[in-house]
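Structure first, commentary second.
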Amino acid sequence: MTSGQPRVAVVTGGGSGIGAASARALAAGGWTVVLAGRRREALEAVAAGHDRLDPVPADVTDEDSVRALFETTVRRHGRVDLLFNNAGTVARPVDLDEHDLAAWNAVVAVNLTGAFLCTREAFGVMRRQDPQGGRIINNGSISAHTPRPRSVAYTATKHAITGLTKSTALDGRPYDIACGQIDVGNAATELAGGFAKGTTQADGSVRPEPLMDVADVARAVVYMASLPLDANVATMTVMATKMPFVGRG
């Protein structure tokens, strides 16, 4: 990417939480950001008042919808310099032997297949555009390292994201496509906000956990995105300092 050229990002799951905060932070840093998500109203609310935010409704589990997302991005903005694979979902916590197949498939469809479909489309655009190259950042979660109780589908998909990240980083080398992963622990979002009131621990107890400001996650995403393509953050963990992850909690 040449100096002074507009930088174009696609952020999935952009209607709330980490996606919304990261999109706004990228826009504040000069990026043009395509906000992708299933809820048009949520995307438009995030984009309101920000001329660098472009809401494009899309379903990451649908191949045609993902293809249309990237075609729209290129048509409107000319290229794709960054993909932040952030869209994610969870299943209701149940014992493993009671986990419904439909619930498993729903989590895999968003967290893993959706990330793959978006990566595939972004990779193709980045490989063929001029100047060539770009960056893909995957939201892996602390669960890419350590599970919470009764979270088999979410944990399995987040471990798989690490494999997707590494394969993309390797396959992207000839085309100046960098790929890294950010693993987030206890950001204060709708998904994790309940942890402050109490959540199940490995010993079966229920205890509150500290949260971190989602804006600090967004700052980390912007840092990863801002590096030149000859430098890459392969993995970054950003977490609430006192959450029970390191050691015995």
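The values are calculated or read from the model by the stated rules, or taken from the named source; none is laboratory data. Predicted model only: the values in this text are computed from it and were never measured. Because the Cβ atoms are built from the backbone with ideal geometry, glycine has one as well, and the counts that use them run over all protein chains shown.
Would you pick out the residues in segment 158-184 that are closer than 25 Å to residue 16 by Cβ and over 13 Å from the mean Cα position of the chain (by Cα)? Passing the criteria: 159, 160. Screening residue 144 with (1) touching a Lys or Arg at 6+ places or on another chain (Cβ under 9 Å); (2) within 19 Å of residue 20 (Cα to Cα) gives one miss only, at (2). Is it the case, given these coordinates, that residue 61 is in contact (Cβ under 8 Å) with a residue 60 or more places away in the chain and polar (S, T, N, Q)? Judged against the criteria, residue 61 is not a match. Answer yes if at least one residue in segment 54-72 is modelled with pLDDT under 95 and either surrounded by fewer than 14 Cβ atoms within 10 Å (Cβ to Cβ) or assigned to a loop (DSSP other than H, G, I, E, B) (or both), and no otherwise. No. The single condition among (1) more than 21 Å from residue 224 (Cα to Cα); (2) among the small types (Gly, Ala, Ser); (3) part of a loop (DSSP other than H, G, I, E, B); (4) at pLDDT 95 or above that residue 87 does not meet is (1). A search for C-beta distances below 6 Å between a residue of segment 153-177 that is in contact (Cβ under 8 Å) with a residue 12 or more places away in the chain and any residue that is buried (at least 17 other Cβ atoms within 10 Å of the Cβ) and hydroxyl-bearing (Ser, Thr, Tyr), counting only pairs 6+ apart in sequence or on different chains, returns 154/143; 155/143; 158/141; 158/143; 168/119. Scanning segment 40-53 for residues that are modelled with pLDDT of 95 or more and within 22 Å of residue 221 (Cβ to Cβ) turns up 42, 43, 44, 45, 46, 47, 48, 52, 53. As a summary of the residue check, residue 14 satisfies the conditions (1) in contact with a helix residue (DSSP H, G or I) (Cβ under 8 Å, 6 or more places away or on another chain); (2) more than 20 Å from residue 158 (Cβ to Cβ) except for the one numbered (2). Residues of segment 112-152 that are under 17 Å from residue 184 (Cβ atoms) and free of Cβ contacts under 8 Å to residues at least 12 places away in the same chain: 147 alone. Being more than 13 Å from residue 17 (Cα to Cα) and acidic (Asp, Glu) is the filter here; which residues of segment 185-214 pass it? Those that are more than 13 Å from residue 17 (Cα to Cα) and acidic (Asp, Glu): 203, 209. For residue 188, the stated conditions hold: it is touching a residue at least 12 places away in the same chain (Cβ under 8 Å), of a type outside the set (Lys, Arg) and within 30 Å of residue 80 (Cβ to Cβ). In summary, residue 26 fulfils each of the numbered conditions (1) crowded, with 24+ Cβ neighbours inside 10 Å; (2) at positive phi; (3) of a type outside the set (Asp, Glu) with the single exception of condition (2). Restricting the search to segment 73-82, which residues are in contact with a strand residue (DSSP E or B) (Cβ under 6 Å, 6 or more places away or on another chain) and part of a loop (DSSP other than H, G, I, E, B)? Result: 79, 80, 81. For segment 212-223, the set of residues classified as surrounded by 19 or more Cβ atoms within 10 Å (Cβ to Cβ) and more than 15 Å from residue 28 (Cβ to Cβ) consists of 212 only. For the residues 151, 143, 167, the requirement of being touching a strand residue (DSSP E or B) at 6+ places or on another chain (Cβ under 9 Å), at pLDDT below 95, farther than 17 Å from residue 221 by Cβ and of a type in the set (Ser, Thr, Tyr) singles out 143. Residue 45 meets each of the listed conditions (1) assigned to a helix (DSSP H, G or I); (2) crowded, with 18+ Cβ neighbours inside 10 Å apart from (2).
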